[in-house]
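The values are calculated or read from the model by the stated rules, or taken from the named source; none is laboratory data. Predicted, not measured: the structure shown is a model, and the values here were computed from it. Glycine gets a Cβ as well: all are built from the backbone with ideal geometry, and neighbour counts include every protein chain shown. Surface areas here come from the heavy atoms of the whole protein model, side chains and all, with no ligands, DNA or RNA. Shrake-Rupley method; radii C 1.70, N 1.55, O 1.52, S 1.80 Å.
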Amino acid sequence: MSGPQPAAAAPRRVHELPAEERPRERLARHGAASLSTRELLALILGAGSREASVLDVADRLLASGLRGLAARSLAELEREHGLGRAKATRLLGALEIGARLASDGGGEAPLLRTPEDAARHLLPRYAARPVETFGVLVLDVRHRLKNEAVISVGCLTSSLVHPREVFQEAVVSRAAALILFHNHPSGDPEPSAEDVALTRRLASAGALVGIEVLDHVVLGAGRFVSLKQRGVL
């Protein structure tokens, strides 16, 4: 008959590590670039749980890679043991800042004169989102970006994306033109019949109010489709 099983070893906490191995101290001494992704994630989370150290939680979150983590929704992250609403929202906020930095050209607002220009701006921001996100890029007369707005989140249908919401944003921002965009969570940017119908509907509405719809860019996993290049506009 076997004896009692030994208790599982308690997770080693960050404060129990030698000072030179703690992420916060290493960042202060050597800069953020010296930290691994695991350590950076641990700094964002701040603390683990009774059963797992913050570094263990970071390891678990990174099991599918950083891109896989960025594609997860708030509801999914909240269910992770050791997170909860506060840590999950903090994590998503940090990921969003990183995505915005990746698409920020710095200095002047970017010129979006071609589908490739628009895709370069949009892919880091929206391609990996776990649900369909529809928005507009508001442009001035030189096609320089003035504003960016998400109009709806969810399955893309005409009922969810109404011309009223799209052009309200355009009028408030004094737009000369618009670029529509949305992502396909499947990773395949091939436009659907609904995408084409919605594009034509919004382009017709734009013609009535004097704001041209230049393009509708559909985003996938590192790829995009321009409905202007497809001849829809």
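Below are the figures for this structure:
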| item | result |
| --- | --- |
| Members of the range 41-55 found to be in contact with a helix residue (DSSP H, G or I) (Cβ under 6 Å, 6 or more places away or on another chain) and open to solvent by less than 60 Å² (accessible area, probe 1.4 Å), listed by number | Leu41, Ala42, Ile44, Leu45, Ala47, Gly48, Val54, Leu55 |
| Out of Gly107, Gly154, sole residue that is modelled with pLDDT under 80 and within 20 Å of the chain's Cα centre (by Cα) | Gly154 |
| Subset of the range 49-67 [part of a helix (DSSP H, G or I) and acidic (Asp, Glu)] | Asp56, Asp59 |
| Hits in the range 189-233 (condition: assigned to a helix (DSSP H, G or I) and open to solvent by 10 Å² or more (accessible area, probe 1.4 Å)) | Ala193, Glu194, Val196, Ala197, Arg200, Arg201, Ala203, Ser204, Ala205, Ala207, Leu208, Val209 |
| Criterion violated by Glu165 - all others in (1) part of a helix (DSSP H, G or I); (2) free of Cβ contacts under 8 Å to residues at least 24 places away in the same chain; (3) over 29 Å from Ala70 (Cβ atoms) satisfied | (3) |
| Flag for Val218 being closer than 21 Å to Pro124 by Cβ, without any contact (Cβ under 8 Å) to a residue 60 or more places away in the chain and of a type in the set (A, V, I, L, M, F, W, C) | yes |
| From the options Arg85, Arg29, residue that is of a type outside the set (S, T, N, Q) and modelled with pLDDT of 85 or more | Arg85 |
| Single unsatisfied condition, Arg38 versus (1) at pLDDT 80 or above; (2) in contact with a Pro (Cβ under 8 Å, 6 or more places away or on another chain); (3) open to solvent by 60 Å² or more (accessible area, probe 1.4 Å) | (2) |
| Odd one out for Glu165, checked against (1) open to solvent by 10 Å² or more (accessible area, probe 1.4 Å); (2) over 18 Å from Leu137 (Cα atoms) | (2) |
| Exclusive hit being open to solvent by 40 Å² or more (accessible area, probe 1.4 Å) and either closer than 19 Å to Val150 by Cβ or among the hydrophobic types (A, V, I, L, M, F, W, C) (or both), set Ala75, Ala58 | Ala75 |
| Where Glu116 falls short, out of the listed (1) surrounded by 18 or more Cβ atoms within 10 Å (Cβ to Cβ); (2) at pLDDT 80 or above | (1) |
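A quick yes/no check of all residues on (1) without any contact (Cβ under 8 Å) to a residue 24 or more places away in the chain; (2) of a type outside the set (Ser, Thr, Tyr); (3) out of contact with any helix residue (DSSP H, G or I) (no Cβ under 7 Å at 6 or more places or on another chain):
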residue: Ala177; (1), (2), (3): no, yes, yes
residue: Phe181; (1), (2), (3): no, yes, no
residue: Ala193; (1), (2), (3): yes, yes, yes
residue: Ala205; (1), (2), (3): no, yes, no
residue: Leu214; (1), (2), (3): no, yes, yes
